[in-house]
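*Asks:* Below is the structure I would like to discuss, written out as structure tokens.
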Amino acid sequence: MMDVGRHPNITLYSYSEVDALTGFVGNFHITIRRKARYVVESECTACNDCVEVCPVVVPDEYQQGFSSRKAIYIPFPQAVPSAYVLNMEECLGNNPIACGKCAEACEKKCIDYDMQDELINIEVGVVIVATGMEVYDPTELDEFGYTRHENVVTSMEFERLICAGGPTEGHFLRPTDRETPKTIGFIQCVGSRSENRGNPYCSNICCMNTVKDTLLLRDHYPDIEAKVFYIDIRAFGKGFEDLYKRSREGGVKYIRGIPGEIEENPETKNLLLTVENTTTGQLEKHELQMVVLSLGLVPRHDGDLLKRFLTLSNTVDGFLMECHPKLKPVDAPTRGVFFAGCVEAPKDIKDSVTQAGAAAARASILLNAGKVKVEAITSRIIEEKCNYCGICARVCPYHAIMEPDRKAKKAPVVIQAACAGCGTCAAECPQDAIEMRHYRDEQYLAQIEALMAERPHEHIVTFACNWCSYPGGDDAGTARLQYPTSCRLIRTMCSGRVDEDFVMHAFRLGAPIVLVSGCHFSDCHYIDAVQWTQKRVERMWNKLERLGIRPERLQLDWISAADGQKFARVMRELEEMLKTVTMEEIKHTMEVLSNGKAEKKATAAKKAKVKKKTPTKKAKVE
Amino acid sequence: MPEAKFKCLRCGHEYTGSYTPGTPQELTCPKCRSNSVRRLPEKKPAQKD
Amino acid sequence: MTDEMKKPDDLRIGVFVCDCGLNIAGTVDCRAVAEYAETLDDVVAVVRNKYTCADPGQNEIKRAIEEHNLNRVVVASCTPKIHEPTFRNCVAEAGLNPYLFEMVNIREHCSWVHQREKEKATEKAKDLIRSGVARARFLEPQIEEEVPVTKAALVIGGGIAGIQAALDLADAGHKVYLVEKEPSIGGIMAAIDKTYPTMDCSI
Ligand code: SF4
Ligand SMILES: [Zn+2]
């Protein structure tokens, strides 16, 4: 930790947050907010004079509230930077009449009540996200009585109670009578591996943390009898099994079963645990003087802003989603962004350090190269066709298109390096004035024509996005899930690319059913491009209805990359639907759509309405 | 939040639910889990976008 | 729309049908598919391979590009999620722009999911190749743009992971900005007494 403060290449902004972040790989612009510390960091020598005179006493977060600190304080003795911070909300007042004692006491005069937040702009080429996790709050698990029973503590609180630098100065005491307990129980998987409350996943570290705690107790308090209540012990890492064995051999009792309830004896404040021992099948009661809840890890609650800045998404467990779970576990889906530590998934210190090293190495590749290539799938404005409506600029999830200027007849401009190539703009442009490099309209139309060239009425034209539903189909294949052969698939980068023209063209050529599929809203690889897919499909349902075509024939599904099951299920369901579409129906559709007039009429009817609504619509978007 | 009628275009199930105007949402049919759920246009020929 | 379509006239497309051992050929009649591919407009060469992604398969592609002066390459094999980069590199090595390559998935999306319907799977494979060839006709060479990389890194979060990443990057000679929300770095780790597996102090 010290090294960070000293390293000539590192600028440390503590007590700071990322206020804004724009740009793209190689070229990120960041605004950092340095929160006012009210103490001049570079001058402070951590002499303690100010702390002594401060009259405000509040619970100390670092000691989990077991002891107190002042309104001006240092978070913990080894803090880096080694400087005090003044909590203005707790401070009595920043004028000498109210208090001002610390400023008086400070010899170096480094306390400044008027200090303001400071905004700093920096430019970087890569970003490493290492924002970590939070610890599960067990109060919702009422049966354990945390906060009701004082001698039920969390694993974080245990750390402070056993620590030499803790509130009890290393004497392990239980909260009620400040005596060293004779018996102690650890409850595992608190907030983890539960479908109903807390989280369904395993938090990775809690088993070994408890094993470690029991060993610490054995070393320092060999008389304490320890019991561990568990579902199963996961000691899979290097050297872990050995620690676990030592814990067992040291006399710690491991009981398979999670207590259903903890009652407190109102006199002794001892705790009575009722547990079904799943090894013996017996209902057991254990009286213990203290209980530690082995807490799981949860995603940070305050990560949304950063996620938006960097266009990141999470996996179902709420941790950030990596580019590829096996082959690119350190890379974010956004280029130039890497993960280190628990922000990606719960992990222990060793794994965090390993991943941090990997992230640094991955980032170095870009920094050393000094330049990056952008895949040539970006959008391009065909200026002759553009009528300066500006829809493209509004729908682009990356704000990669600069607004057109109608008066100056200036077409919108695509910032190539910021464009991710989702194709939403190309699909939304009413003038077809946007072309996606490598994924042009002509190519899709040609594919549709090729697929419809033979027995069109037998085929389900399926649009699948590159990131979720296409690999979802791959997953069905890998698992050898069998489904009907009617699916004819066309890959798009994003479901947002699926132009109304593509769908109508398929129907025009005789497709009985068309499926548009993409990522779930929460998984969208282009921030929120899927919302345009949804809107467009809704629009098409209305249009089909106006044309006398059953909207049911256009289907929509969100299929995740790991959900081959759903992919196969959808294909089976659509096969059943296919049987309900009659030849007459298909012929009618083909006629209606080939007869430009009917389609134009339907579009015109829609346009008239849209026109009326335009001002409000615009206001909404902005 | 206003209420609206929804219809599943896969299994035909119809139900009422609430929605946030202007923000497209992921819709899932409570009966067949399909996402082909259409918010039916209201009585007066209102237009949704 | 259709009448606007324009494609280059001197098209010379090569189609490579992969058996993938029995993974594809076990269900799809690859010979019939290859023969069908030969009948498609603008296709001047069709090669069937046991494993197209292996070196011999890739060499076949390179040879065919040279021999038949191919300007579009279509490989019908597995999912592009795995081998698209492989084949793009392969055609680039033969001097073709990598964007003139197109991939058709007849394994994950065909042979593996229709194992009991061999005939229909074969028909589907033909359709998919027809579609891939149709798309290939409109491929254009692309040049990937290069953007410069600012030589500095931002590390967000000063817990153990952030500290380690910052130190590694700094030691490698890069400028690093480390942003921590709290008044001190250290994160959760700083509040832990002893840590496993070494059972020593965390700070
Ligand atoms: S393709 Fe997507 S990312 Fe690129 S400019 Fe269009 S809307 Fe924006
Ligand atoms: Zn349904």
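The values are calculated or read from the model by the stated rules, or taken from the named source; none is laboratory data. Since this is a predicted model, take the numbers as computed values, not measurements. When we count neighbours, we look across all protein chains shown, and the Cβ atoms used for this are built from the backbone with ideal geometry, even at glycine. Only protein heavy atoms, including side chains, enter the accessible area calculation; ligands, DNA and RNA are left aside. Shrake-Rupley method; radii C 1.70, N 1.55, O 1.52, S 1.80 Å.
*Asks:* Which pairs do you get when a residue that is within 25 Å of A:His459 (Cα to Cα), found in region A:507-531, comes within reach of a residue that is within 16 Å of ligand 2 (Cβ to nearest atom) and basic (Lys, Arg), reach meaning Cβ atoms under 6 angstrom, with the pair 6+ apart or on two chains?
*Replies:* If the second residue must be within 16 Å of ligand 2 (Cβ to nearest atom) and basic (Lys, Arg), the pairs left are A:Ile513/A:Arg553.
*Asks:* Does any residue in region A:423-445 that is part of a helix (DSSP H, G or I) come within less than 8 Å, Cβ to Cβ, of a residue that is of a type in the set (S, T, N, Q) and within 10 Å of ligand 1 (Cβ to nearest atom) six or more places away or on a different chain, and which pairs are these?
*Replies:* Short answer, once both residue conditions are applied: A:Cys425/A:Ser379; A:Ala426/A:Ser379.
*Asks:* Would you point out the residue of region A:203-224, among those that are among the β-branched types (Val, Ile, Thr) and either part of a helix (DSSP H, G or I) or within 15 Å of A:Lys182 (Cα to Cα) (or both), that is most open to solvent (accessible area, probe 1.4 Å)?
*Replies:* Here the residue is A:Ile224.
*Asks:* Let me ask something additional. So which pairs qualify, if the first residue must be in region C:114-125 and more than 7 Å from chain A (Cβ to nearest Cβ), the second must be modelled with pLDDT of 95 or more and assigned to a helix (DSSP H, G or I), the Cβ gap must be under 6 Å, and the two must be at least 6 apart or on different chains?
*Replies:* Close Cβ pairs satisfying both conditions: C:Thr122/C:Ala32; C:Ala125/C:Val33; C:Ala125/C:Cys110.
*Asks:* Being among the hydrophobic types (A, V, I, L, M, F, W, C), open to solvent by less than 20 Å² (accessible area, probe 1.4 Å), in a helix (DSSP H, G or I) and away from chain C (no Cβ under 14 Å), is that true of even one residue in region A:394-414?
*Replies:* yes
*Asks:* Then there is this: Any residue in region A:492-500 that is of a type outside the set (Gly, Ala, Ser), open to solvent by less than 10 Å² (accessible area, probe 1.4 Å) and more than 16 Å from ligand 1 (Cβ to nearest atom)?
*Replies:* No, region A:492-500 contains no residue that is of a type outside the set (Gly, Ala, Ser), open to solvent by less than 10 Å² (accessible area, probe 1.4 Å) and more than 16 Å from ligand 1 (Cβ to nearest atom).
*Asks:* Let me ask another. Every residue in region C:13-41 that is outside any helix (DSSP H, G or I), open to solvent by less than 20 Å² (accessible area, probe 1.4 Å) and in contact (Cβ under 8 Å) with a residue 60 or more places away in the chain, please.
*Replies:* C:Ile13, C:Gly14, C:Val15, C:Phe16, C:Val17, C:Cys18, C:Cys20, C:Ile24, C:Thr27, C:Val28
*Asks:* Mind listing whichever residues of region A:506-556 are open to solvent by 30 Å² or more (accessible area, probe 1.4 Å), in a loop (DSSP other than H, G, I, E, B), over 22 Å from A:Tyr444 (Cα atoms) and not acidic (Asp, Glu)?
*Replies:* Those that are open to solvent by 30 Å² or more (accessible area, probe 1.4 Å), in a loop (DSSP other than H, G, I, E, B), over 22 Å from A:Tyr444 (Cα atoms) and not acidic (Asp, Glu): A:His520, A:Ile527, A:Gly548, A:Arg550.
*Asks:* Also: Take A:Ile391 and decide whether it is within 22 Å of A:His525 (Cβ to Cβ), open to solvent by 40 Å² or more (accessible area, probe 1.4 Å) and in contact with a helix residue (DSSP H, G or I) (Cβ under 7 Å, 6 or more places away or on another chain).
*Replies:* It is true that A:Ile391 is within 22 Å of A:His525 (Cβ to Cβ), open to solvent by 40 Å² or more (accessible area, probe 1.4 Å) and in contact with a helix residue (DSSP H, G or I) (Cβ under 7 Å, 6 or more places away or on another chain).
*Asks:* Exactly one condition in (1) more than 16 Å from ligand 1 (Cβ to nearest atom); (2) in the same structural domain as A:Ala506 (by TED's automatic domain parsing) is false for A:Cys465; which is it?
*Replies:* (1)
*Asks:* While we're here: Which fully enclosed strands (runs of 3 or more DSSP E) of region A:327-383 have 3 or more residues being assigned by TED's automatic domain parsing to the domain that holds A:Tyr201 and on the phi > 0 side of the Ramachandran plot?
*Replies:* In region A:327-383, no matching strands (runs of 3 or more DSSP E) lie anywhere.
*Asks:* Which condition breaks for B:Cys32 when tested against (1) within 12 Å of another protein chain (Cβ to nearest Cβ); (2) outside any loop (DSSP other than H, G, I, E, B)?
*Replies:* Failed condition: (2).
*Asks:* Something else about it: Hey, could you check region A:225-249 for residues that are more than 13 Å from chain C (Cβ to nearest Cβ) and more than 29 Å from the chain's Cα centre (by Cα) and say which is surrounded by the fewest Cβ atoms within 10 Å (Cβ to Cβ)?
*Replies:* Of everything passing the filter in region A:225-249, A:Glu249 is surrounded by the fewest Cβ atoms within 10 Å (Cβ to Cβ).
*Asks:* Which residues, counting only those in region A:45-76, are open to solvent by 60 Å² or more (accessible area, probe 1.4 Å), more than 20 Å from A:Lys108 (Cα to Cα) and either assigned to a loop (DSSP other than H, G, I, E, B) or within 13 Å of chain C (Cβ to nearest Cβ) (or both)?
*Replies:* Matches in region A:45-76: A:Pro55, A:Glu61, A:Gln64, A:Phe66.
*Asks:* Just give me the residues in region A:415-433 being more than 11 Å from ligand 1 (Cβ to nearest atom) and surrounded by fewer than 18 Cβ atoms within 10 Å (Cβ to Cβ), in sequence order.
*Replies:* A:Pro430, A:Gln431, A:Asp432
*Asks:* Could I ask something else about it? Count, please, the residues in region A:15-30 that happen to be facing another protein chain (nearest Cβ under 8 Å) and not hydrophobic (A, V, I, L, M, F, W, C).
*Replies:* Count: 5.
Yes/no matrix, rows are residues, columns are (1) within 13 Å of another protein chain (Cβ to nearest Cβ); (2) assigned to a helix (DSSP H, G or I); (3) in contact with a helix residue (DSSP H, G or I) (Cβ under 8 Å, 6 or more places away or on another chain); (4) under 20 Å from B:Leu27 (Cα atoms):
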{"residue": "A:Arg569", "(1), (2), (3), (4)": "yes, yes, no, yes"}
{"residue": "A:Glu576", "(1), (2), (3), (4)": "yes, yes, no, no"}
{"residue": "A:His588", "(1), (2), (3), (4)": "no, yes, no, no"}
{"residue": "A:Glu591", "(1), (2), (3), (4)": "no, yes, no, no"}
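*Asks:* Within 7 Å of chain C (Cβ to nearest Cβ) and either in contact with a Leu (Cβ under 7 Å, 6 or more places away or on another chain) or modelled with pLDDT under 95 (or both) - does that describe any residue in region A:479-490?
*Replies:* yes
*Asks:* Another question, then. So, in region A:372-393, of the ones that are under 18 Å from A:Cys494 (Cα atoms) and of a type in the set (Ser, Thr, Tyr), which residue ends up farthest from the other protein chains (Cβ to nearest Cβ)?
*Replies:* A:Ser379
*Asks:* Moving on. Can you pull out every residue in region A:451-478 that is over 21 Å from A:Ala529 (Cβ atoms), facing chain C (nearest Cβ under 7 Å) and open to solvent by less than 10 Å² (accessible area, probe 1.4 Å)?
*Replies:* Of everything in region A:451-478, those that are over 21 Å from A:Ala529 (Cβ atoms), facing chain C (nearest Cβ under 7 Å) and open to solvent by less than 10 Å² (accessible area, probe 1.4 Å) turn out to be A:Leu451, A:Ala476, A:Gly477.
*Asks:* Could I ask something else about it? Can you work out which of the residues in region A:539-582 that are of a type in the set (D, E, K, R) and touching a strand residue (DSSP E or B) at 6+ places or on another chain (Cβ under 7 Å) is nearest to ligand 1 (Cβ to nearest atom)?
*Replies:* Filtering first and then ranking leaves A:Asp557.
*Asks:* Filter region C:19-49 for residues that are under 16 Å from C:His68 (Cα atoms) and within 22 Å of the chain's Cα centre (by Cα) and give the result.
*Replies:* Within region C:19-49, C:Val46, C:Val47, C:Arg48 qualify.
*Asks:* In addition: Anything in region B:24-43 that is over 25 Å from A:Val570 (Cβ atoms) and either open to solvent by 70 Å² or more (accessible area, probe 1.4 Å) or within 16 Å of ligand 1 (Cβ to nearest atom) (or both)? List them, or say none.
*Replies:* Within region B:24-43, B:Glu42, B:Lys43 meet the criteria.
*Asks:* Read through the list (1) at pLDDT 95 or above; (2) over 28 Å from A:Cys468 (Cβ atoms), then give the number of the only condition that A:Val581 fails.
*Replies:* (2)
*Asks:* For region A:287-302, name all the residues that are in contact with a Lys or Arg (Cβ under 9 Å, 6 or more places away or on another chain) and not in a strand (DSSP E or B).
*Replies:* Listed by number, the residues that qualify are A:Gln289, A:Gly296, A:Asp302.
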